[in-house]
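Everything below concerns the one structure shown next.
The values are calculated or read from the model by the stated rules, or taken from the named source; none is laboratory data. Since the model is a prediction, treat every value here as computed from it, not as a measurement. All Cβ positions, even for glycine, are placed from backbone atoms using ideal geometry, and neighbour counts span all protein chains on display.
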Number of protein chains: 2
Amino acid sequence: MPANLLDRLRSTLGDGAVLTEPADLAAYVADWTGRFVGSARAVVRPADTAGVATAVRLCTEAGVAVVPQGGNTGLAGGATPDDTGASVVLSLERLRRVRELDPVADTITVEAGVVLQAVQEAATSAGRLFPLSLGSEGSCTIGGNVATNAGGTAVLRYGMMRDLVLGLEVVLPDGRVWDGLRPLRKDNTGYDLKQLFIGAEGTLGVVTAATLRLFPATPRRATALVTLPSVDAAVSVLPLLREHGGGLLTAWELINRQALDLVLTHLPGARDPFGVAHQWYGLLEFAGTSDEVDIELEAALTAAFEQELIADAVVAGSPAQRASLWALREGISESQKVAGASIKHDVTLPIAELSDFVAEVGPRLVALMPDLRLVTYGHVGDGNLHYNLAAPADQEATLRAAAGDLTRAVYSAVATRGGSISAEHGLGTLKRDAAASYRSDVENDLMRAVKNALDPHGLMNPGKLVP
Amino acid sequence: MPANLLDRLRSTLGDGAVLTEPADLAAYVADWTGRFVGSARAVVRPADTAGVATAVRLCTEAGVAVVPQGGNTGLAGGATPDDTGASVVLSLERLRRVRELDPVADTITVEAGVVLQAVQEAATSAGRLFPLSLGSEGSCTIGGNVATNAGGTAVLRYGMMRDLVLGLEVVLPDGRVWDGLRPLRKDNTGYDLKQLFIGAEGTLGVVTAATLRLFPATPRRATALVTLPSVDAAVSVLPLLREHGGGLLTAWELINRQALDLVLTHLPGARDPFGVAHQWYGLLEFAGTSDEVDIELEAALTAAFEQELIADAVVAGSPAQRASLWALREGISESQKVAGASIKHDVTLPIAELSDFVAEVGPRLVALMPDLRLVTYGHVGDGNLHYNLAAPADQEATLRAAAGDLTRAVYSAVATRGGSISAEHGLGTLKRDAAASYRSDVENDLMRAVKNALDPHGLMNPGKLVP
C-alpha cells in the first residue's frame, strides 16, 4: 500500500513534489539543532492548498501518518518524524504566496510557508506592523508560528500568535479544506474553530493559510539596558513601566550575568556597556511614532530610579546602539550553542512567583550539580523565563547524566507554583509526557477527546503533543 | 426518574436550592425581553462549584437536559429552556465570590454569578481596569459574558471577552470539574481548552469561575460626538484615529439619524447637540491617565477635519457632558423597546465593506417595505453594526409579517460580503439555524464533532448554538 501511495502522490502532485532519496530527506528528518532525528518514507512538497489536501487524503486512505513541517526551526521536536520510517513529512515550504494585504482592515492573508520575516516586511512596506518577532524569524514560517502558537519578544504588547490570527485555512485529516479565512474582529457564530488548530502542532489538521492582524507601524524605538537589584525589582517595576510608558511598552526582557557572560565571550564584537558586573539586567523598549518614545522612556527610567527599582541604565542613542543592546539579548541562544551542552527550559510562572522561584530552584539545582551554570533570561513581562542550565566544558558528561533530575527539579518547582512547563516552545515529543504528567486526569481526558474528535484515526503528526 | 432527580437534588443541595413552583420559575423560563419563553421542571441554584458539579452529575445520570443561566440578559434565547418542560435550569446566580484580585499579575478571579459591574468596581478599587463594558453590565454576569463571548463598547482597544480570559473553571457534562484557572499569559502545553468553552453558550459545560486580565486604569476620558459625511468617512478616519490617538483610542461608535431620533424622542432629557440634523454621527473616546487624552483628541479631530472626514464636533467639557453624549448612544436600545416592534440584526462586515453594505442593503429592504425605518448604529471600529429595522406604530403587523424576508435580505448581503450574522450576541436559538445555513458542510461537521466529543449525550443546553 505505501508503495502505491508514493505512486499516487507522484501522479497527482508531480514527481518533483515527492522526495524519497536519503540525501533529499536528510534536511527534513532532523531538526535544526540536531537533537531530534527520525526517518520518513518520503517528503511531500505540494505547491498549494489543493495539493496539501490531496496529499493528506491519499496518506489517510493509505493509513500513513503525516508529519507537517514548516521552517523546521522548532525547539521541541514537533516537526520531526519518528524513527520508524513509516510516516510522510508534509512540507509546506512551497506555499509561499502573500494572498492579500488590506491596509483598511489592517489584515494580511498569507500561506503557511511564508517566512515570518517576509510577513514583517510586507507589513512594513504598507506602513503597518506585524508584531510577531522571534530569533528564528528569518527562517521560521507562518504555518509553524500558528501550529506552535509562537511567542517572542513583543508578546507583552501584542500577545502570542493566537492573539494575532483572525482566520485560518486548514486541511483536515480526511483531506477536506476548512476555509476559515475570515478577516472579522467580531464573529460569534459558534465554537471558535480556529482556536483548535492554533498551538495544536499539526495534530488536528494542517494549517495552509492564515489571515493575520496588522497594527500601526512603530518606526521610533527607545531602548535601554538597565541593571536591576533583584528579580523582584524586575517584576515590581512592570506596572510603573506600563503606566509611565503611555501604552508604548513593547519589550521587557530579563538577562542574568551568566547569560550576558556567554554573549560577551562568544558573540564577536559584543561588549559590556557597564563598567562593573551586575547580577541582573533588563532590556526595555518603548515603540511608537514620534519623540514620545524617548520622553516616555526618560520618564519611566526616572521614576524607576527614584523607587530604586533600577540601579543603572544605558539608553541607546542611535539605531546602531539599539542593535548592539538587542544583540546582547538575542545572542544568548546562539552563544549557548557555541559554548557547549545545555539543558533548556521554557517556563512561565505567575509573575508574583518569579522571584521566589529563582531564589528557590537555583540552590536546589546547584546542590544536585555544584558547577552548574544558571543561564537565566527571558520575557519577564510575561512571566516567561528561559531557565537554562550549562556546565564547564569538562563536565558536559556530568551535565547530561544529571539532566533528568535537573529538569524534574525545575518542572516540579514550576508546577508547585502554578506555572507552565512550556511557555512558548510547545510540547512536540520533548515535553509531551512531562506535560501530561502535570495535567489533571480531567484535563488529559479533554485533550484526548479533542484529538479523537478531529483526528479519529490518529494519523496527524502522531506522537506529538498528546501521548 | 425525574421525580427521583428532584429529590436527589434537594437532598444534596438543600431544599432552598431547588425551585419548582410556577411563580418561582417564571423569572427563569423567560428572557428579559419576553421574546423567548419556555418551561422547566425545576430551577436549581447551587451555592458553589461543588454544588454545580453535583447538579450536573445528577441531571446527566437521570438523562435530563441542563440549561445554564447567568443574569438572563442574553439577546438570542441562549439561556431560556425549551417549551417541553423537561429540562432543568441551572442558575449560577449564587456563585458570587470574588476569589482573588492580584494587582501584580493584573488578574482577578471571580465566580460565574458575579455581575459584570461588580468586577469593574473591584478592579477600580484596586486602581485597575476591567474593560468589558456593555449596556446590561448592571445585571449580566461573568459566566454569561464568558459563555457568549461578550463584546461591547471597548472591544476596539481591549478585545472581546475571549481576549480577556486567562483561565476557566468548568463543570463538564459528566459532573467532573476542570480546574483551568491559570493566571498565565503564556502557556503552550497543549490545546487551549478554555477556548472551547468561551462563546459555547453552555453547550459543552458550565463555566463556574474565570481568571480575567486587568489593565491600567484610565481615569481620564476625552469624548466627542462628531458628524460624518458618510459611512465611508467613519471607516476611512479609523487609521487616523488610531495613529493620532497614541494608542488611547477606546471607542469609535456609529449612530445614524434614525437611531438618534429615537433617543431624542424617547429618552427623557436627551437633546441634539447640533443645530441641524445630520445623517451620520460618530462617538469617539480616548482614555488614559492624564491631559494627553484631551491633547490627542484635539489633534485627531483637527487632522480629521483637515481631511474632511468629519464635518462638525462637540467635545465633552465635563463628566456630565460626557455622560449625556454616551446616553445618546447607550439609550438607543431602550428607546427602540419603548418605540415598539423592531427587528434586530447584530452583524459584522469586513470593515472595507461596511459602506457598500449600508448603501446596498437599505434600498433593497425599503423595496420590501416602503415605510421601513433603518435604525443603524454600532461599533464601527470593529466592523460591527446593529442593523435594526423599525416601522411606524400602525405598521407593526406589516413589519412582523415581512420579518423573515427582511432578515434573509440582511443576512444574505452580510454573507455575500464575507461578514458574520452574529458579531457579539451569539446564536442561542434565535440564529442557530441561520448560522448553520451559512456555514460550509465542513464547518458544520467540525462544530458537531466538537459538540459530540465534549457532550456525547447532548444534555448541555440542547438546541442552542448547534442544530
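For this structure, a couple of remarks:
- Pairs are defined by a Cβ separation below 6 Å, a sequence spacing of at least 6 or placement on different chains, a first member in region B:244-258 that is more than 11 Å from residue B:293 (Cβ to Cβ) and assigned by TED's automatic domain parsing to the domain that holds residue B:299, and a second member that is at pLDDT 95 or above and β-branched (Val, Ile, Thr); the pairs so defined are B:256/B:376; B:258/B:375.
- Hey, residue B:375 in contact with a Ser or Thr (Cβ under 9 Å, 6 or more places away or on another chain), buried (at least 19 other Cβ atoms within 10 Å of the Cβ), more than 14 Å from every other protein chain (Cβ to nearest Cβ) and in contact (Cβ under 8 Å) with a residue 40 or more places away in the chain or not: yes
- Of note, residue A:87 satisfies the criterion of being farther than 30 Å from residue A:339 by Cα and in contact with a strand residue (DSSP E or B) (Cβ under 7 Å, 6 or more places away or on another chain).
- Among the residues here, residue B:332 qualifies as surrounded by 22 or more Cβ atoms within 10 Å (Cβ to Cβ) and touching a helix residue (DSSP H, G or I) at 6+ places or on another chain (Cβ under 7 Å).
- Residues located in region B:2-36, provided they are polar (S, T, N, Q) and surrounded by fewer than 16 Cβ atoms within 10 Å (Cβ to Cβ): B:4, B:11, B:20, B:33
- Residues in region A:166-209 that are acidic (Asp, Glu) and at the interface with another protein chain (Cβ under 7 Å from one of its Cβ atoms) were compared, and the one that is surrounded by the most Cβ atoms within 10 Å (Cβ to Cβ) is A:187.
To keep it simple, each residue is scored yes or no on (1) touching a helix residue (DSSP H, G or I) at 6+ places or on another chain (Cβ under 9 Å); (2) more than 28 Å from residue A:351 (Cβ to Cβ).
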{"site": "A:398", "(1), (2)": "no, yes"}
{"site": "A:427", "(1), (2)": "yes, no"}
{"site": "A:433", "(1), (2)": "no, no"}
{"site": "A:438", "(1), (2)": "yes, no"}
{"site": "A:441", "(1), (2)": "no, yes"}
{"site": "A:444", "(1), (2)": "yes, no"}
{"site": "A:448", "(1), (2)": "no, yes"}
{"site": "A:459", "(1), (2)": "yes, yes"}
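- In region A:291-319, residue surrounded by the fewest Cβ atoms within 10 Å (Cβ to Cβ) [restricted to those that are more than 30 Å from the chain's Cα centre (by Cα) and within 14 Å of chain B (Cβ to nearest Cβ)]: A:291
Results for (1) more than 14 Å from every other protein chain (Cβ to nearest Cβ); (2) over 28 Å from residue B:64 (Cβ atoms), shown as yes or no for each residue.
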site	(1), (2)
B:79	yes, no
B:92	yes, no
B:95	yes, no
B:102	no, yes
B:122	yes, yes
B:140	yes, no
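- Any hit, region B:85-93, residues being touching a residue at least 12 places away in the same chain (Cβ under 8 Å), assigned to a loop (DSSP other than H, G, I, E, B) and in contact with a Ser or Thr (Cβ under 6 Å, 6 or more places away or on another chain): yes
- Every test in (1) crowded, with 21+ Cβ neighbours inside 10 Å; (2) within 21 Å of the chain's Cα centre (by Cα) is passed by residue A:454 save one, and that test is (2).
- Considering each residue of region A:149-157 in turn, none proves to be more than 19 Å from the chain's Cα centre (by Cα), at the interface with chain B (Cβ under 10 Å from one of its Cβ atoms) and either of a type in the set (Lys, Arg) or surrounded by fewer than 23 Cβ atoms within 10 Å (Cβ to Cβ) (or both).
- Filtering region B:284-302 to residues that are assigned to a strand (DSSP E or B) and more than 17 Å from residue B:325 (Cα to Cα) leaves only B:288.
- Residue satisfying condition, being closer than 26 Å to residue B:131 by Cβ, surrounded by 19 or more Cβ atoms within 10 Å (Cβ to Cβ) and outside the structural domain of residue B:357 (by TED's automatic domain parsing), within set B:212, B:267: B:212
- Qualifying residue in region B:51-62 (condition: among the polar types (S, T, N, Q) and closer than 29 Å to residue B:181 by Cα): yes
- Residue match in region B:370-380 (condition: in a helix (DSSP H, G or I) and more than 19 Å from residue B:230 (Cα to Cα)): no
- Sole residue being part of a helix (DSSP H, G or I) and among the aromatic types (Phe, Trp, Tyr), chosen from B:305, B:274: B:305
Matching residues to (1) touching an Asp or Glu at 6+ places or on another chain (Cβ under 8 Å); (2) closer than 26 Å to residue B:434 by Cα; (3) not assigned by TED's automatic domain parsing to the domain that holds residue B:171:
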residue: B:10; (1), (2), (3): no, no, yes
residue: B:16; (1), (2), (3): no, no, yes
residue: B:42; (1), (2), (3): no, no, yes
residue: B:47; (1), (2), (3): no, no, yes
residue: B:57; (1), (2), (3): yes, no, yes
residue: B:82; (1), (2), (3): no, yes, yes
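- Unique match (being more than 20 Å from residue B:78 (Cα to Cα), in a helix (DSSP H, G or I) and facing another protein chain (nearest Cβ under 10 Å)) among B:399, B:446: B:446
- If the condition is being within 7 Å of chain B (Cβ to nearest Cβ) and more than 17 Å from residue A:148 (Cβ to Cβ), then region A:420-442 contributes A:440, A:442.
- Index of the failed condition, residue B:387 passing every other in (1) in contact with a helix residue (DSSP H, G or I) (Cβ under 7 Å, 6 or more places away or on another chain); (2) away from every other protein chain (no Cβ under 14 Å): (2)
- Within this structure, residue B:227 fails the test of being touching a residue at least 40 places away in the same chain (Cβ under 8 Å), within 19 Å of the chain's Cα centre (by Cα) and more than 7 Å from chain A (Cβ to nearest Cβ).
- The residues of region B:248-264 that are within 12 Å of chain A (Cβ to nearest Cβ) and either of a type in the set (Val, Ile, Thr) or surrounded by fewer than 21 Cβ atoms within 10 Å (Cβ to Cβ) (or both) amount to a single one, B:250.
- For region B:414-442, a residue qualifies if it is without any contact (Cβ under 8 Å) to a residue 60 or more places away in the chain and either in the same structural domain as residue B:351 (by TED's automatic domain parsing) or within 27 Å of residue B:156 (Cα to Cα) (or both), and the qualifying residues are B:415, B:416, B:432, B:434, B:435, B:438, B:439.
Per-residue answers, yes or no, for (1) in contact with a Ser or Thr (Cβ under 9 Å, 6 or more places away or on another chain); (2) in the same structural domain as residue B:161 (by TED's automatic domain parsing); (3) free of Cβ contacts under 8 Å to residues at least 60 places away in the same chain; (4) within 30 Å of residue A:156 (Cβ to Cβ):
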site: B:29; (1), (2), (3), (4): yes, no, no, no
site: B:52; (1), (2), (3), (4): yes, no, no, no
site: B:60; (1), (2), (3), (4): no, no, no, no
site: B:103; (1), (2), (3), (4): no, yes, no, yes
site: B:115; (1), (2), (3), (4): yes, yes, yes, no
